[in-house]
1. Keeping every protein chain in place, order Asp23, Asp104 by accessible area at 1.4 Å, biggest value first, i.e. largest first.
2. Over the chain, with every protein chain in place, what whole percent of the accessible area is carbon and sulfur at 1.4 Å, could you tell me?
3. Mind running the shape call on the range 1-80? Use the C-alpha gyration tensor, a ≥ b ≥ c as the square roots of the eigenvalues: rounded below 1.5 for a/c, prolate if a/b tops b/c, oblate otherwise.
4. Roughly how many Å² is the accessible area per residue of the range 10-49, as a whole number, for a 1.4 Å probe?
5. Along the Cα→Cβ direction, 7 angstrom out, place labels at Ile192 and Val29. What is the inter-label distance in nm?
6. Can you give me the accessible area per residue for the range 86-147, using a 1.4 Å probe, in Å²?
7. Given a Förster distance of 35 angstrom, what is the FRET efficiency for Lys138 paired with Glu3, based on the Cβ-Cβ distance and rounded to 0.05?
8. Run through the DSSP bridge list for the chain and note the antiparallel percent, rounded to the nearest 5.
Amino acid sequence: MSEKIKIAVLVSGGGTNLQALIDAQNSGVIKSGYIALVISNNPDAYALQRAEKAGIKSKVITKKEYAELFEEKIMKVLKEEKIDLIVLAGFMCILSENFTKTFDKRIINVHPSLIPSFCGEGYYGLKVHEAALNYGVKVTGATVHFVNEIPDGGEIILQKAVDIKDGDTPQTLQKRVMEEAEWKILPRACEIVSENILNQK
Ligand code: GAR
């Protein structure tokens, strides 16, 4: 049995969830795996600076550069690095069935709502919180789930509810859902899945 599994985190933006994973690794919440690689599809993602500061290797792979070979390139890098678990942490691309089947039960994603509400294609980032506020739900939250060929449709691993308050805007709600739910359940789910993979080795 290896000591720790290798985790890759895929990002597109600010990377606060990546930061939560780095902090969880440092505090020992994540102990069955370590973040070996960060991949961003956006060269300007602040997440890349977080990776650099933490001494984690990163790669930028853009659709602009790779076009139809975008996913192929990501898969090649993940295989070369012998990655065991892929964490989508604010990664704003939908992965094809070919990709998700190649890494079956090896990809997890954090989504900023209580799935099956406000999820699937077109629901990402602030749009999710706008939709929750427009609908008028009183409780929202976050979900960590396995990734399969259906956007946000894979098996749920963890969820956490967050109350909506009077006067919430998409921005205030996004911040509270991150603080109260995403940054807690993503590291925990990451450890649960890492431990399972480690035990299978
Ligand atoms: C997070 O709220 C994440 O749940 C969401 O984007 C934000 C990224 O923030 N992801 C999606 O909407 C995916 N469908 P971060 O870059 O600061 O982690």
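The values are calculated or read from the model by the stated rules, or taken from the named source; none is laboratory data. Quantities reported herein were computed from a predicted structural model and do not represent experimental measurements. Here the Cβ positions follow ideal geometry from the backbone for every residue, glycine too, while neighbour counts run over all protein chains shown. For accessibility, only protein heavy atoms count, side chains too; no ligands or nucleic acids. Shrake-Rupley method; radii C 1.70, N 1.55, O 1.52, S 1.80 Å.
1. Working: Asp23 80, Asp104 105 Å².
Accessible-area ranking of Asp23, Asp104, largest first: Asp104, Asp23.
2. Numbers: 4870 of 10010 Å².
On the chain, the fraction of accessible area on carbon and sulfur atoms equals 49 percent.
3. Working: a/c = 2.89, a/b = 1.43, b/c = 2.02.
Note, shape of the range 1-80 comes out oblate.
4. Numbers: 1480 Å² over 40 residues.
That works out to 37 Å² per residue.
5. A separation of 1.4 nm, rounded to one decimal place.
6. Working: 2730 Å² over 62 residues.
Each residue of the range 86-147 exposes 44 Å² on average to a 1.4 Å probe.
7. 0.20
8. Values: 11 of 28 bridges.
The antiparallel fraction comes to roughly 40 percent.
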